[in-house]
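*Asks:* Please read through the structure below; I'll follow up with questions.
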Amino acid sequence: MTEAVSLKNVNVSFDGKWVLRDLSFSVESGEFLGIIGPNGSGKTTLMRVLLSMLKPQEGTVTIEGGYRIGYVPQSRQIDPDTPLSARNFVSLGLPHKFRPWLSYQDRTIVDEALELTNSMDYADKPIGKLSGGQRQRLFLAQALVRNPQILLLDEPTSNLDPGAQETIASVVDQVRRERGITVLFVSHDVNLISRYADKILYMTKDFYAIGTVGEIMQSSVLSKLYGMPVEVVHAGSSLLVSFANTKETAASICVHT
């Protein structure tokens, strides 16, 4: 298969402190990569590098064939009085300069994105009146109108209830399979991601590991990443990660059943 994204020995530092250190990995076309890790481990910095918003001091980043990239941010606050309709909000993602009307082709593309994300029922409602989960679907639809080949999602399920989180992740996976899109999905919930990801990139402040869920979510691997004893407990369909010596549950992992 073709590699859609490839990073080799990428280093990024701010004020003399390393945020990404010797990071190398690749994602094949159509693959779903879940990216997890504690706060401060460089996940958002990685997104900025992939979006060409930040240039590494060292290393190479390759996006094969000039692939079009769609981006879905974290949940954002929207003024409840915002009158913009959901449909018009999605149309802002179209890859051309704003114009006061939409062509027939534009309307077709927007409606297809609304259908894909199961958002058509509230397409004409003001975005300010919608729930957090509904808005996140619209952020996804807005990214899809660009017809991306690579979809970057930076914690799109944060601040959503478990049901809404599951909906967003399942919609992303459905769209990925239907369109053959490559997905890089940042999350704090390994159980949510593990149901959809082909591979997991687990990042800590100083180290990282990449592999299947089974390969990464092991006590030996996480203990090496954190530099201290880490215990992985399987509770039914859920995983709980804890630091064995301190009894401190890892803030980067949520239990989600």
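*Asks:* What number of residues in the range 130-167 are within 12 Å of the chain's Cα centre (by Cα) and surrounded by fewer than 19 Cβ atoms within 10 Å (Cβ to Cβ)?
*Replies:* 1
*Asks:* What is the one condition in (1) under 24 Å from V190 (Cα atoms); (2) in contact with a strand residue (DSSP E or B) (Cβ under 6 Å, 6 or more places away or on another chain); (3) loosely packed, with under 14 Cβ neighbours inside 10 Å that R76 does not satisfy?
*Replies:* So R76 meets the others, but not (2).
*Asks:* Moving on to the next point. Show me the helices (runs of 4 or more DSSP H) found entirely inside the range 162-238 where at least 1 residues are closer than 22 Å to Q136 by Cβ and touching a Lys or Arg at 6+ places or on another chain (Cβ under 8 Å).
*Replies:* 162-179
*Asks:* Pull up the range 59-80, narrow it to residues that are of a type outside the set (S, T, N, Q) and in a strand (DSSP E or B), then point me to the one that is farthest from A143 (Cα to Cα).
*Replies:* Ranking the qualifying residues of the range 59-80, first place goes to G59.
*Asks:* Looking at (1) crowded, with 19+ Cβ neighbours inside 10 Å; (2) under 20 Å from V27 (Cα atoms), can you tell me which one G180 breaks?
*Replies:* It is condition (1) that G180 fails.
*Asks:* Could you count how many residues in the range 98-134 are touching a Lys or Arg at 6+ places or on another chain (Cβ under 8 Å), over 18 Å from Q174 (Cβ atoms) and in a loop (DSSP other than H, G, I, E, B)?
*Replies:* 2
*Asks:* Right, here's the next one. I'd like to verify a number: residues in the range 18-41 that are farther than 18 Å from T157 by Cα and touching a Leu at 6+ places or on another chain (Cβ under 8 Å), how many?
*Replies:* Counting residues in the range 18-41 that are farther than 18 Å from T157 by Cα and touching a Leu at 6+ places or on another chain (Cβ under 8 Å) gives 6.
*Asks:* Okay, moving on. Which residue, of P38, P83, P95, P56, is in contact with a Ser or Thr (Cβ under 6 Å, 6 or more places away or on another chain) and part of a loop (DSSP other than H, G, I, E, B)?
*Replies:* Being in contact with a Ser or Thr (Cβ under 6 Å, 6 or more places away or on another chain) and part of a loop (DSSP other than H, G, I, E, B) holds for just one of P38, P83, P95, P56, which is P38.
Values in this text are rule-based calculations from the coordinates and carry no lab data. Note that the structure is predicted; figures quoted are calculated from it, not measured. Glycine gets a Cβ as well: all are built from the backbone with ideal geometry, and neighbour counts include every protein chain shown.
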